[in-house]
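Encoded as structure tokens, the structure appears first; notes follow it.
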Amino acid sequence: PRLGFYGVIDERFDTGLVRDMAAAHPEWQIVLVGPVVKIDPAELPRAENVHYMGQRGYQELPQFLAGWDVCLLPFAMNESTKFISPTKVLEYMAAEKPSVSTPITDVKVPYGDVVAIAETPAEYIAACERMLAQTAEENAAMAKRMREVVANTSWDKTAARMHELISNAVPGNKARPVPVATEALGEKRAE
């Protein structure tokens, strides 16, 4: 089985988790696509079943994604990931691939019903095992739900919803200009 991730490999990436996965399942091929930045490459997990593909062009990513059995979102839980919103989760869903994530809020809250969420390395590995063991019927049901999620998160629908919210805003809640003294801006009033 191939389990994959694409994106920047940096301080947000849980290298320990990937190390544990590789050790627990040497038969799994863990494919990591993306540049390594802000961390020492010597600290990356090294094993025969962990493959670093380096930075690739966006046009190449679907080719990698097509060959993966499970998509990974192995983010470390730290200050760097407190407010991230990884768009790759929607890309993984658009490909109808099972995905496993650490409990990043912007993955867990809106997509926790379709993306497996795991807090500990043992839970993460078990979630990957479950995704790999899904039946054809379970995969079909998951793919159907993913299509629904992706369809409801298109840029067109997001823009239309924002327009609706702005149009329906209560007039009393609109921002009002704050008077600014021109002297404060370094200008002198004409007398």
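The values are calculated or read from the model by the stated rules, or taken from the named source; none is laboratory data. None of these values were measured; they are calculated from a predicted model. Glycine also receives a Cβ, built like all others from the backbone with ideal geometry; neighbour counts cover every protein chain displayed. The accessibility values were calculated without ligands, DNA or RNA, using every heavy atom of the protein model including side chains. Shrake-Rupley method; radii C 1.70, N 1.55, O 1.52, S 1.80 Å.
A few points about this structure:
- Candidates in the stretch 114-151 are the residues that are free of Cβ contacts under 8 Å to residues at least 12 places away in the same chain and part of a loop (DSSP other than H, G, I, E, B); of these, the one that is nearest to ARG2 (Cα to Cα) is THR135.
- Of the criteria (1) modelled with pLDDT under 95; (2) surrounded by 11 or more Cβ atoms within 10 Å (Cβ to Cβ), which one GLU119 fails: (1)
- Restricting attention to the stretch 70-106, the residues that are in a helix (DSSP H, G or I) and farther than 19 Å from ILE30 by Cβ total 8.
- Segments classed as strands (runs of 3 or more DSSP E), wholly inside the stretch 1-69, with at least 3 members that are of a type outside the set (Ser, Thr, Tyr) and under 17 Å from the mean Cα position of the chain (by Cα): 2-6, 29-33
- Restricting the stretch 155-169 to residues that are among the polar types (S, T, N, Q) and assigned to a helix (DSSP H, G or I), the residue that is surrounded by the fewest Cβ atoms within 10 Å (Cβ to Cβ): SER167
- Qualifying residue in the stretch 58-65 (condition: out of contact with any Cys (no Cβ under 7 Å at 6 or more places or on another chain), more than 17 Å from THR102 (Cβ to Cβ) and aromatic (Phe, Trp, Tyr)): yes
- Only a single item in (1) open to solvent by 60 Å² or more (accessible area, probe 1.4 Å); (2) under 17 Å from CYS128 (Cβ atoms); (3) aromatic (Phe, Trp, Tyr) is not met by TRP68, and it is number (1).
The rows are residues; the columns are (1) among the hydroxyl-bearing types (Ser, Thr, Tyr); (2) open to solvent by less than 40 Å² (accessible area, probe 1.4 Å); (3) over 22 Å from MET146 (Cα atoms).
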site: ARG12; (1), (2), (3): no, no, yes
site: ALA47; (1), (2), (3): no, no, yes
site: GLN63; (1), (2), (3): no, no, no
site: LEU73; (1), (2), (3): no, yes, no
